[in-house]
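A quick write-up on the structure given underneath.
The values are calculated or read from the model by the stated rules, or taken from the named source; none is laboratory data. Source: prediction; values computed, not measured. Ideal geometry is used to build each Cβ from the backbone, glycine not excepted, and the neighbour counts take in all protein chains shown. All accessible areas refer to the heavy atoms of the entire protein, side chains included, with ligands and DNA or RNA removed. Shrake-Rupley method; radii C 1.70, N 1.55, O 1.52, S 1.80 Å.
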Amino acid sequence: MDVAIAGSHGLIGSALVTDLLARGDTVRRLVRRGAAPSDDAGHAPDDRTGAPGIRDVLWDPRTGELDPATLEGVDAVVNLAGAGIGDHRWTAAYKQTLLGSRTTTTSLLARTVARLDDPPVLVNSSAVGAYGSRKDEVLTEASTRGDDFLAGLVKAWENATTPASDAGARVVWLRSGLVLAPSGGALGKLLPLLRLGLGGPLGSGRQWWSWITLTDEIAAIRHVIDTEVDGPVNAVAPEPTTNRELTRALAHALHRPAVLAVPRFALRIAVGQFADDLVASQRVVPGVLSRTGFTWTHAGPQDAARWVVAANEVSAPR
């Protein structure tokens with residue numbers, strides 16, 4: 001299979017590239033002009049193969065630069081591009097960055113896919129933030145959208161895929177939960193604190209966190225590429241858990257206590273409006289994945305916590 005990936009150097013993208021190459025697929029990495037160095041032979045990024053099975057393709061979402069010919073013959077386009085939700089405080093300017101970095105890239109990819117003779121499947125990264133904060137309500141792909149900032153962001157993000165679906169392409173909105181990984185991602189700042197015995201529940205700890213390990217996130221992307229599904233797909237584990245329960249599972253795997261709760265006002269001081277997302281309650285279940293035979297490697301929080309901690313210890317510098 002030939003897969004094009006936007007956002008291939010991020011946490012999920014780099015893991016996806018490695019996974020696809022391991023199963024014998026070829027990968028076309030979309031790289032911005034000036035972001036990818038030429039190889040030792042001096043070839044331009046879009047002419048080189050780099051590692052075996054990899055080809056780099058130039059694009060620039062800001063100027064609308066993406067030659068449709070560079071995507072001819074691909075079986076799937078996976079869009080993981082977008083500024084990090086928790087990278088900066090949500091100032092008015094950064095909210096525009098979050099929106100623009102998603103809608104501009106998605107719109108260009110969707111328009112380009114629409115121009116291809118045989119449109120490939122477009123797997124567009126999305127988020128369970130689509131549903132807003134809903135307390136204990138069980139949320140499926142059929143649930144209504146929320147009305148907060150993140151829900152509005154996700155709506156605009158997903159709507160930007162319209163040109164592709166209008167052209168007959170199969171489009172998947174992969175609504176991911178918190179992606180748990182040994183480093184980076186949702187646990188990038190929490191895990192070191194827990195290791196020191198200084199972590200604990202965020203806010204009340206009673207809010208539902210719908211999560212997925214990086215291993216299962218990559219498997220879910222492969223699954224929706226290979227399976228005839230379209231529209232929203234919740235990429236979450238089958239066992240949503242509360243923030244308190246997940247924190248305790250991680251602390252237990254680290255053989256540390258998790259009793260120092262972080263009050264909401266302290267989160268607000270530390271990260272600004274992003275604190276609202278950390279204490280949002282989203283009890284999301286993976287209806288489509290379950291119905292189509294997806295198998296999780298880490299289905300429960302204890303399994304996930306053990307994997308995260310073990311992999312973190314293996315990768316930690318000595």
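Structure data summary
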read-out	value
Solvent accessible area, Å² - His223, 1.4 Å probe, full protein context	30 Å²
Accessible surface, 1.4 Å probe, highest first, among residues Ser133, Ser210, Ser101	Ser133, Ser101, Ser210
Förster radius 30 Å - calculated FRET efficiency between Ala93 and Thr295, Cβ distance, rounded to 0.05	0.10
Heavy-atom accessible surface of the chain: percent carbon and sulfur, 1.4 Å	53 percent
Per residue accessible area in Å² of the chain, where ligands, DNA and RNA are left out and the probe is 1.4 Å	44 Å²
Residue-level accessible surface for Phe149, protein heavy atoms, 1.4 Å, Å²	60 Å²
Semi-axis lengths, Å, the chain, gyration tensor of Cα atoms, sqrt of 5 times eigenvalues	33, 22, 19
Area accessible to solvent at Ser107, 1.4 Å probe radius, in Å²	30 Å²
Rounded FRET efficiency, nearest 0.05, which uses the C-beta distance separating Glu72 from Asn159 and R0 of 25 Å	0.45
Farthest toward positive dipole pole in the chain [+1 Lys/Arg, -1 Asp/Glu at C-beta], among Ser133, Ser176, Gly203	Gly203
Cα-centred dipole magnitude for the chain, charges only on beta-carbon of K, R (+1) and D, E (-1), debye, nearest 20	1420 debye
Given charges at beta-carbon only (K, R positive; D, E negative), |dipole| of the range 44-161 in Debye	520 debye
Other-chain or far-sequence residues with amide H under 5 Å of Thr213's (modelled H)	Leu180
